[in-house]
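Encoded as structure tokens, the structure appears first; notes follow it.
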Amino acid sequence: MAFEQLLDDYPKCFIVGADNVGSKQMQQIRMSLRGKAVVLMGKNTMMRKAIRGHLENNPALEKLLPHIRGNVGFVFTKEDLTEIRDMLLANKVPAAARAGAIAPCEVTVPA
């Protein structure tokens with residue numbers, strides 16, 4: 001489904017960070033949202049270009065442009081935003097530390 005088509009079809013969307021999200025976890029999120037929301041991951045430059053081309057139909061989309069940084073995706077929905085947000089947070093799991101990963105919280109190692 002094309003990004004522009006999703007912008008037309010769905011009145012609400014989230015921008016979600018997808019750093020350190022594995023393919024199995026992404027698949028689980030897509031399955032839990034099936035029928036209620038559509039998850040779209042893509043190139044940031046292509047998403048920005050699509051939004052800029054869509055600004056004449058919906059000028060409010062310009063507010064999204066500064067937030068498209070890093071590894072992000074869009075969740076499009078027609079449902080209640082709090083319900084979809086709760087479903088997304090329910091799929092959040094702690095990840096094991098990996099080389100090169102940035103810790104989401106402060107870590108203290110006693111001497």
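Read the figures in this text as sums done on the coordinates, not as results from a lab. Because the structure is predicted, anything quoted here is derived from the model rather than measured. In this analysis, Cβ positions are derived from the backbone assuming ideal geometry, glycine residues included, and neighbour counts consider all displayed protein chains.
Assorted remarks:
- 3J(HN,Hα) along region 65-75: 3, x, 8, 8, 9, x, 8, 10, x, 10, 10 Hz, from the Karplus curve 6.51 cos²θ - 1.76 cosθ + 1.60 with θ = phi - 60°, whole Hz, x for Gly and Pro.
- Theoretical gain in end-to-end length, Thr108 to Gln25 [0.36 nm per residue, Cα-Cα removed]: 27.1 nm
- Packing, as the average of other Cβ atoms within 10 Å across residues, places the peptides 81-87, 34-40 in the order 34-40, 81-87, highest first.
- Annotation: extensible slack from Glu79 through Tyr10 equals 23.9 nm (criterion: 0.36 nm per residue apart, minus Cα-Cα distance).
- Residues with amide H under 5 Å from that of Ile68, placed H, sequence gap 5 or more: none
- Across region 1-89, Cα pairs under 8 Å and at least six residues apart give a relative contact order of 50 percent.
- Mean Cβ neighbour count within 10 Å, used as a protection proxy, ranking 69-79, 97-107, 53-63 highest first: 69-79, 53-63, 97-107
- Value at 222 nm in deg cm²/dmol, rounded to 500, when DSSP H runs of n ≥ 4 in the chain each add -39,500 (n - 2.57): -10000 deg cm²/dmol
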